[in-house]
Amino acid sequence: FPVTIQIDKILKSQLEEAITAHQSGDLQRAEIIYLDLLKAKKEEVILYHLGVVNLQLGKIKRAKRYLLEALKKYPKTHRSYTALSLVLEEENKIIEAERYALLATKLAPSNPAVWNNLAKVQINLGKYDEASNSASKSLNLDPKSFEARFNRILALAKTEDPSNSLSELERLSAEYPGKFEIHAQLGALYADIGLTDDAVLEYGEAYRLIC
């Protein structure tokens, strides 16, 4: 029994080391440690993190395999459903991605991130009214979320007069200067309402930010 406790302490320490490497952007090192941990103990938390790090590394098939295995181990965790929806988006399986994103919201309805993820998937599906509702639910839970505010603007821009969304997007740009996605969307909105010169300026700024 004491030996088991000691082993668990070692594994916990290794997991913390892997997560630290993961969060600091050292994805290759994180993956190596996660794999070593997996050999010792096939736990849902390890499978989940392996899925996420492989997704970030662009190893989509591996990411999917680990996340599906994580869900078999523990099918009531919203994080694996959310991560799997991201994997499915990468595979361009958007309808299936929405299904997993919806499951995540049922498991964790008070988590703003799952609603924002659902909004993003619904935007990709062209379900703009539903996306606006999902982003609004995320904002109700986390009013300061940049991502939820941005996704709500994206959805509203498709369901109403683009000029109505423009002022909100301009406010967001003032609060978060230097965001590529804001300038790109401002360019699109300006183009939609016929402000060609402004559109060119915003597209130019977006291009500058990624160069």
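Across the stretch 67-76, the qualifying residues are those that are more than 17 Å from TYR34 (Cβ to Cβ) and either polar (S, T, N, Q) or not in a helix (DSSP H, G or I) (or both), and the one among them that is most open to solvent (accessible area, probe 1.4 Å) is LYS76.
Given (1) open to solvent by 70 Å² or more (accessible area, probe 1.4 Å); (2) under 19 Å from HIS78 (Cα atoms), identify the lone condition not met by SER24. Among (1) open to solvent by 70 Å² or more (accessible area, probe 1.4 Å); (2) under 19 Å from HIS78 (Cα atoms), SER24 violates only (2).
Just one of the listed residues (GLY178, GLY204, GLY187) is modelled with pLDDT under 90 and under 23 Å from GLY126 (Cβ atoms), and it is GLY187.
Filtering the stretch 77-106 to residues that are at pLDDT 95 or above, of a type outside the set (Lys, Arg) and open to solvent by 70 Å² or more (accessible area, probe 1.4 Å) leaves only ILE95.
Being aliphatic (A, V, I, L, M), under 15 Å from the mean Cα position of the chain (by Cα) and open to solvent by less than 60 Å² (accessible area, probe 1.4 Å) is the filter here, so list the residues in the stretch 109-138 that pass it.
Within the stretch 109-138, VAL114, LEU118, ALA119, VAL121, ILE123, ALA131, ALA135 meet the criteria.
Tell me, please, whether a residue that is free of Cβ contacts under 8 Å to residues at least 12 places away in the same chain and out of contact with any Asp or Glu (no Cβ under 9 Å at 6 or more places or on another chain) can be found in the stretch 30-43. Looking for residues that are free of Cβ contacts under 8 Å to residues at least 12 places away in the same chain and out of contact with any Asp or Glu (no Cβ under 9 Å at 6 or more places or on another chain), one finds at least one in the stretch 30-43, hence yes. Check whether at least one residue in the stretch 151-174 is at pLDDT 90 or above, assigned to a helix (DSSP H, G or I), of a type in the set (A, V, I, L, M) and under 13 Å from the mean Cα position of the chain (by Cα), and report yes or no. No. The set of residues in the stretch 168-195 being surrounded by 17 or more Cβ atoms within 10 Å (Cβ to Cβ) and among the aromatic types (Phe, Trp, Tyr) consists of TYR190 alone.
Any chance the stretch 90-105 includes a residue that's outside any helix (DSSP H, G or I), closer than 29 Å to ASN151 by Cα and of a type in the set (Val, Ile, Thr)?
First pass over the stretch 90-105, keeping only residues outside any helix (DSSP H, G or I): 91-93.
Narrowing the set further to residues that are closer than 29 Å to ASN151 by Cα leaves 91-93.
Cutting the leftovers down to of a type in the set (Val, Ile, Thr) gives us none.
Among the residues of the stretch 90-105, not one is outside any helix (DSSP H, G or I), closer than 29 Å to ASN151 by Cα and of a type in the set (Val, Ile, Thr), which makes the answer no.
The values are calculated or read from the model by the stated rules, or taken from the named source; none is laboratory data. What you see is a predicted model; the values in this text were computed from it and never measured. Neighbour counts run over all protein chains shown; Cβ positions are idealised from the backbone, glycine included. We work out accessible area using only protein heavy atoms, side chains counted, and drop any ligands, DNA or RNA first. Shrake-Rupley method; radii C 1.70, N 1.55, O 1.52, S 1.80 Å.
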